[in-house]
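The next block holds one structure in the form of structure tokens; read it before the comments.
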Amino acid sequence: MSAVETTDVLVVGSGFGGSIAAYHLAAGGAKVVVLERGPWLEGKDFDHDYLLGKSYTRVFDFVAGDGMSVLGGNCVGGGSVVYFAALPRAPRYVFEKQGSIGRRMWPAAISRETLDPWYDRVSEVLPVSQQDWNDISYAGGLWAAACHHSGHTANPVPVGIDTAKCTNCNWMMAGCRFDAKRSMLLNYLPAALAHGTQIRPLHEVQKIERTDTGDYRVYYNNIDEVDYRVSTGSGVIEAKIVVLAAGSAATPVILQRSEEALGEMPHGVGRYFSGNGERLNTAIINEERVGEVLGLRRPNGAVYEANQIGKGPVVACWDNVNGDRPEYSRFSMEQLYFPPGLGTILAQVPGKSGPAWFGKEKKEMLKRWKSWLTIFLMTEDDNEGVFGPPPPTGNAYRISQQMLGKGPLRYDPTPNTLRGWAEADAAAKEILEKDGLATVAPWTNDLVGAYTVHPLSSCRIGDDPATSALDDRHELRGHPGIFVTDGSAVPSALTVNPALTIAALAERAIPGIVKAARDRGVDVTYGAPLPTAAATRPVTGAA
């Protein structure tokens, strides 16, 4: 056998969880290699359109499952490049959730109070800022006014946005060309590079084996930069520590494919998947009624017609983010702009009986697209998602050259989940249909099932080996030296945007990973300064 490349630490994926691990381990003295299945883009590469081959299709991974479809990042920086930059902390009640297992799901060592110092660390690096009403877009202002009109509260959302650089273009979902969005490209990743980390784009990890010495051998394919269905080569790299951060729809698939070589996986690998209880509703704003009832009017004379103006979610209604409410009755409601494509296809005609996402009425509805307002609901589900046998390569059977695949996820929502969705849908409808301000309908589940942009829990941490794949240090049970730091480690739906929680949990996991690395012979320490000072320039593919 020819010589195999070696490193101290191999990180799979470069989103929030992968970037944080790469920085701290490299800054502590370890040799770190990051394998990222997607391309390496920077600000100048992010396009303001949705054509095939532009950044929108290059940096996303849309995997249609059975009953649930997942939209995630597929690029250096991962989900941090395509997220909407909303960064709230998880409510306290989340950490006490029992869900379908009837007992606390989260490890006893983790609560909102114990996680707050780690939230603080991440917030210092990004940094997280609390918007005020002067920062709010017109769409957010309309949502806030409607909430107030119906007797509800509304709050500006904490975000990771440099307002001095933000142009309110509202293309952040395709990557921010102005470097205004606080992605990992602007902080942890450039700091990791400064400490010698190697980042290799278009490298898709396939499986992991254990070596005779107890280290790990990781197999990957090189992916064509234009057609992701094409492999241009392959390779092997050995490491003493493997940190999986490939995303909640890919990390469990890699581990399942590795089971034959590694040995039995914990029961929780590929089970207990959560879509963060997410729902999307489309409101068709009645321009005349908004002017009459809310007294709103834009300087150009239009009342609303505000799509493609402003940021992503800037205002949330958190009235139901309340620990006094029973489980499955707690949810948040955010206004956001969802771009053409899924948003226009899956939106239903309000008030129509039967299938309502196509037909004559839908055609008429599409003519009023500028008057649409999307409401994003994050509820509580039952962690009912299960991953079936993995495909031969990758995390999905690739259907198109970029973005689209068919994956092994099965999701059959329980009555608890359905009840939570229905309550959240009804709340959004009550707010926006009061006094004829709009007509509202949820997106259809008929075409691609339910859908999530915040997949969680498919390899979750916990204290119970029967219901968690990882211990509370994020180490894979029965496989010392393999850690998981992406959204798949989060035990449950959060009822808010999860990016900051994923990042805080990753920060919390680092001391344990460093200790494990030292125990396995890696000369590494913990305690490097946070990378705010080191990350002065965006990370680029030429670095």
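The values are calculated or read from the model by the stated rules, or taken from the named source; none is laboratory data. Predicted model, so just to flag it, every value in this text is computed and none were measured. Because the Cβ atoms are built from the backbone with ideal geometry, glycine has one as well, and the counts that use them run over all protein chains shown. These area figures cover heavy atoms from the full protein model, side chains too; ligands, DNA and RNA do not enter into them. Shrake-Rupley method; radii C 1.70, N 1.55, O 1.52, S 1.80 Å.
Centre-to-centre, using Cα atoms only, the range 313-376 and the range 242-257 are separated by 31 Å. For the listed residue pairs K207/K311; K370/K406; K367/K434, the alpha carbons are over 29 angstrom apart in K207/K311; K370/K406.
Taking amide H positions as modeled 1.01 Å from N, with prolines and chain starts lacking one, the residues under 5 Å from S234 and 5 or more places away or on another chain are N222.
Can you give me the angle between helix 415-433 and the longest principal axis of the chain, using Cα atoms only, in degrees from 0 to 90, rounded to the nearest 10? So the helix axis and the longest Cα principal axis differ by about 40 degrees. With a 1.4 Å probe and every protein chain kept in, tell me what percent of the accessible surface of the chain is carbon plus sulfur. Percent of accessible area from carbon and sulfur atoms in the chain: 51. Placing L186, L25 in order of accessible area, with the largest value first and a 1.4 Å probe, yields L186, L25. How tilted is helix 499-519 with respect to the longest principal axis of the chain? Cα atoms for both, answer in degrees (0 to 90, nearest 10). So the inclination is approximately 10 degrees. Here the range 382-396 and the range 86-109 have alpha carbon centers that stand 24 Å from each other.
Per residue, the accessible area of the chain comes to 35 Å², computed with a 1.4 Å probe over protein heavy atoms only.
The angle between the Cα long axis of helix 112-125 and the main principal axis of the chain comes to about 90°, on a 0 to 90 degree scale.
Grouping the Cα pair distances of the chain into 20 Å bins from zero gives a pair-distance distribution of 23, 58, 17, 1 percent in increasing distance order. Couplings 3J(HN,Hα) for the range 283-290, derived from phi with the Karplus relation 6.51 cos²θ - 1.76 cosθ + 1.60 (θ = phi - 60°), are 9, 9, 6, 8, 3, 5, 5, 4 Hz, where x marks Gly and Pro.
The antiparallel fraction among DSSP beta bridges confined to the chain stands at about 70%.
Partners of K352 within straight-line reach, counting aspartates and glutamates whose Cα lies under 12 Å from its Cα and excluding those fewer than 8 residues away in the same chain: E361.
So how do 206-216, 140-150 stack up, highest first, on mean other-Cβ count within 10 Å?
140-150, 206-216
Compared with the direct C-alpha span, the chain from C169 to T444 gains 96.2 nm at full extension, assuming 0.36 nm per residue.
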